[in-house]
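Reading through the structure tokens given below for one structure.
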Amino acid sequence: MRILHIDLETYSSVDIRKAGLYKYVQSPDFQILLFAYALDQGAVKIVDCACGETVPEEIAAMLGDPNVTKMAHNAAFEIYCLNKFFHSPACQWHCTMVHALYCGFPASLDAVGRAMGLSEDKRKMGVGKQLIRYFCTPCTPTTRNGGRTRNLPHHDRAKWQLFKDYCCQDVVTEMEVYWRLEKYPIPEQERRNWILDQQINTAGVRVDTELIAGALDLYGRISVELSGRARELTGLENPNSVAQLKQWVEENSGMELESLDKATVAGILADKDGEELVKEVLKIRKELGKTSVKKYEAMRSCVCGDGRIRGLLQFYGASRTGRFAGRLVQVQNLPRNYIESLDTARLLVKTGQPDAVRAVYGDVPDLLSQLIRTAFIPGEGCRFIVADFSAIEARVLAWLAGEDWRLDVFRTHGRIYEASASAMFGVPIEKIKKGNPEYALRGKGKVAELALGYQGGARALVSMGALAMGLSEDELPDIVRRWRKSNQRIQDFWYAVENNAVDTVQYGTVHVLPKGICFHRDEDYLFIRLPSGRELFYYRPELVTNAYGRSAVGFHGTSQATKRWELTETYGGKLTENIVQAVARDLLCSAMMNLYEAGYAIRFHIHDEVILEVPERSAKSLEEAIRLMCALPEWAAGLPLDAAGFESSYYRKD
């Protein structure tokens with residue numbers, strides 16, 4: 001099969017960073033400026049569309065030819081841009097960005113080239129951002145530029161030629177990335193998952209534009225009131241200034257503060273003996289600082305002309321596990337809703353009744369935060385079916401480790417918090433129920449379940465809110481010890497994973513664990529093969545000495561802490577987390593494929609949850625959707641999968 005490598009440079013007055021690809025392309029002034037291409041390993045050629053050149057007929061025909069693979073880095077961009085003028089189905093494309101992510105590299109073409117150590121002639125040119133700003137986005141009219149709002153090729157011929165060179169060089173780099181990764185092909189099932197992802201992103205999901213407008217209007221009015229109150233209380237000209245407010249708090253509380261971060265503010269507000277004036281001002285700051293409300297602004301920016309938002313998900317956004325990442329509105333990180341009267345709250349916000357909202361709900365920014373989910377609504381004549389896996393990571397971990405008592409819990413009553421507390425403290429599970437003194441143990445079982453599955457200790461319990469639950473620091477080591485003792489096979493699994501990874505890196509030995517997990521390596525990678533057959537990639541592995549003086553696995557990747565490409569140390573619990581989350585992700589993809597093939601329209605999804613849009617009079621049901629979600633692939637035989645859900649006229653957390 002022939003390969004057509006492509007890179008485009010385009011113009012649109014819509015800001016793609018805020019509005020996303022789909023609204024960007026749908027703009028009436030969208031234009032393809034440059035079309036660079038190379039056939040197979042041939043020379044790169046460029047079509048100067050901005051200066052009147054047209055794509056050669058032979059190449060245009062290839063765009064829709066199933067016998068020609070089209071290839072680009074972040075191919076979703078090229079696919080959607082080209083389909084405004086040509087017909088080029090996603091199933092005929094290969095994305096080198098997805099391929100790079102699959103193999104453990106960063107997403108951007110520049111970062112991939114640097115991580116691979118490509119020579120200068122194979123790497124992306126560094127002047128690209130400047131040229132893109134000049135030719136691809138509107139410019140500010142000035143006397144010097146004659147009042148124009150856009151830079152065209154004839155305004156700077158030297159820059160335009162450099163831009164053409166830049167576009168061609170992107171094709172060169174993309175080709176080099178592909179040939180470097182060719183020996184690690186993306187599995188066919190992953191290609192199918194990616195194609196489904198393109199369909200989900202292109203279809204998009206409808207949003208309630210009235211709710212968005214009402215929320216932004218209400219928040220604007222409340223912000224003015226709160227800012228005025230803060231100025232009145234503090235006497236500060238700008239109480240939103242962190243430096244000014246920090247100094248004011250120190251002067252009025254007698255404290256010396258390093259910062260006014262979230263933890264510091266929470267500590268001051270929790271202090272029973274604290275100065276009430278300071279608390280009131282910091283409460284105002286907390287309300288004004290709710291970043292979740294900014295999601296309404298993001299929605300307004302990226303909603304398309306038909307009232308739908310597209311491109312909410314990034315396939316393989318988490319390259320370590322393959323999980324999806326959120327884009328634009330960041331649906332993977334939406335605030336929960338706790339109020340019961342969501343219908344009433346939505347109506348009051350949409351109809352602009354701030355006094356009623358304040359009277360009923362009090363904290364207006366918090367209410368708006370809780371309503372963000374409900375801004376996602378089904379199309380006319382449709383309803384949402386929302387279904388999610390129950391305790392998916394805990395179930396996968398128990399299945400992989402062979403922790404039988406936990407598997408029995410998931411196959412029967414499913415009350416893992418109570419069962420965990422029962423195993424930890426030797427109390428019959430029947431006694432751990434509301435009304436009994438033993439029910440207090442459930443909280444310890446819950447926090448242990450949330451914090452300790454991936455080799456976490458006392459600090460992990462604190463991070464999961466153990467102290468806020470009323471537990472003391474002195475209790476935490478005992479909780480860790482009890483949980484590990486009652487989950488010996490999980491503990492053994494951590495150490496087996498770590499020891500096998502170290503041995504494979506050091507000696508190249510192949511190790512196989514139950515459920516088909518396999519450790520192997522070549523000259524470039526440590527691989528962990530998952531039960532599904534998909535591989536996890538750890539680039540340029542080596543042995544390092546950890547803080548305990550023992551050998552550990554290091555690999556080159558993007559550090560979660562620094563966001564830089566560097567040598568990263570890992571351990572058994574972290575590798576276990578990678579494996580478990582990757583398996584859970586594969587189960588979600590299997591479930592989505594089942595739903596898609598049964599005719600369900602997936603509008604978006606969040607880790608373990610799918611949001612389906614179905615016609616009101618359709619026979620499709622929640623019960624059938626759950627059955628399809630829980631239909632196990634062959635490789636997951638014996639895994640006690642379960643799901644639950646609800647139907648609704650808007651998205652929410654049940």
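Here the accessible area is traced with a 1.4 Å probe on the protein chains. For the stretch 464-547, carbon and sulfur cover 48 percent of it. Label-to-label distance, residue 356 versus residue 637, with points set 7 angstrom from Cα along the beta-carbon direction: 6.0 nm. Taking a ≥ b ≥ c as the square roots of the eigenvalues of the alpha-carbon gyration tensor, the stretch 276-318 is classed oblate because a/c is 1.5 or more while a/b is no larger than b/c.
Taking 41 Å as R0, compute the FRET efficiency from the Cβ-Cβ separation of residue 54 and residue 562 and round it to 0.05. Before the final figure, lay out the partial values.
Numbers: r = 46 Å, r/R0 = 1.13.
After rounding, the FRET efficiency stands at 0.30.
Sort 297-304, 641-648 for me by packing, meaning the mean count of neighbouring Cβ atoms within 10 Å per residue, highest on top.
Values: 297-304: 19.9, 641-648: 16.9.
In decreasing order of mean packing, 297-304, 641-648 become 297-304, 641-648.
Taking the solvent-accessible surface of protein heavy atoms with a 1.4 Å probe, what is the per residue accessible area of the chain in Å²? Present the calculation step by step, with values, prior to reporting the outcome.
Working: 29740 Å² over 654 residues.
Roughly 45 Å² per residue, with all protein chains present.
Taking amide H as placed 1.01 Å from N in the peptide plane, the amide H of residue 568 sits under 5 Å from that of 555, 556, 557, each at least 5 places away or on another chain.
Quick one, could you list the DSSP H helices from the chain stretching 24 Å or more along their long axis (Cα atoms) with average Kyte-Doolittle hydropathy of -1.0 or above? List each step's numbers first, then the result.
On the way: long enough: 157-181 (36 Å, -0.45); 209-234 (37 Å, 0.18); 488-507 (28 Å, -0.66); 572-597 (37 Å, 0.26).
Both cut-offs are met by 157-181, 209-234, 488-507, 572-597.
Straight-distance candidates among the aspartates and glutamates for linking to residue 283, with alpha-carbon spacing under 14 Å and chain neighbours fewer than 8 residues away dropped: 225, 261, 271, 275, 363, 366. Projected label points at residue 233 and residue 266, each 7 Å from Cα along the beta carbon direction, are separated by 2.0 nanometres. Applied to the stretch 54-71, the Karplus parametrisation 6.51 cos²θ - 1.76 cosθ + 1.60 on θ = phi - 60° returns per-residue 3J(HN,Hα) values of 10, 5, x, 4, 4, 6, 4, 5, 5, 4, x, 8, x, 8, 10, 7, 8, 9 Hz, with x for Gly and Pro. A straight Cα-to-Cα reach below 23 Å connects residue 431 with the lysines 444, 446, 485, residues fewer than 8 places away in its own chain not being considered. Given the C-alpha centroids of the stretch 386-448 and the stretch 346-365, what is the distance between them in whole angstrom? The stretch 386-448 and the stretch 346-365 have Cα centres spaced 39 Å from each other. One Cα centroid belongs to the stretch 80-116, the other to the stretch 509-577; the line between them spans 25 Å. Using the Cβ of residue 308 as centre and a radius below 11 Å, the other residues enclosed give a net charge of +2, where K and R count +1 and D and E count -1.
Positive contributions from Lys and Arg (+1) and negative ones from Asp and Glu (-1), summed over other residues with Cβ under 14 Å from the Cβ of residue 173, come out at -3. Overall, the anisotropy analysis places the stretch 373-523 in the oblate class: the square-rooted eigenvalues a ≥ b ≥ c of its C-alpha gyration tensor yield a/c not less than 1.5, with a/b not exceeding b/c. Averaged over residues, the count of other Cβ atoms within 10 Å places the peptides 32-39, 613-620 in the sequence 32-39, 613-620, highest first.
Of the options (i) 152; (ii) 206; (iii) 170, only one is volume of the Cα convex hull per residue in Å³ as computed from these coordinates, and that is (ii). The Cα center of the stretch 212-242 and the Cα center of the stretch 119-188 differ in position by 42 Å. Residue separation of residue 488 and residue 40 scaled by 0.36 nm, minus their Cα-Cα distance, works out to 155.9 nm of gained length.
If you roll a 1.4 Å probe over the stretch 215-262 with all protein chains in place, what percent of the accessible area is carbon or sulfur?
Details: 1340 of 2940 Å².
It is 46 percent, rounded to a whole number.
For the stretch 89-150, which whole percent of the accessible surface, found with a 1.4 angstrom probe, sits on carbon and sulfur atoms?
On the way: 1590 of 2960 Å².
Carbon-and-sulfur percentage of accessible area, whole number: 54.
Label separation (residue 157 vs residue 469): 7.3 nm, computed from points 7 Å beyond Cα along the C-beta direction.
What pairs from 70/122; 84/164; 290/434; 23/574 go past 32 Å between their alpha carbons? Too far apart for the 32 Å limit: 290/434; 23/574.
The values are calculated or read from the model by the stated rules, or taken from the named source; none is laboratory data. None of these values were measured; they are calculated from a predicted model. Please note: Cβ atoms are built from the backbone with ideal geometry, for glycine as well, and neighbour counts cover all protein chains shown. Note: accessible area is taken over every heavy atom of the protein model, side chains too, but ligands, DNA and RNA are not part of it. Shrake-Rupley method; radii C 1.70, N 1.55, O 1.52, S 1.80 Å.
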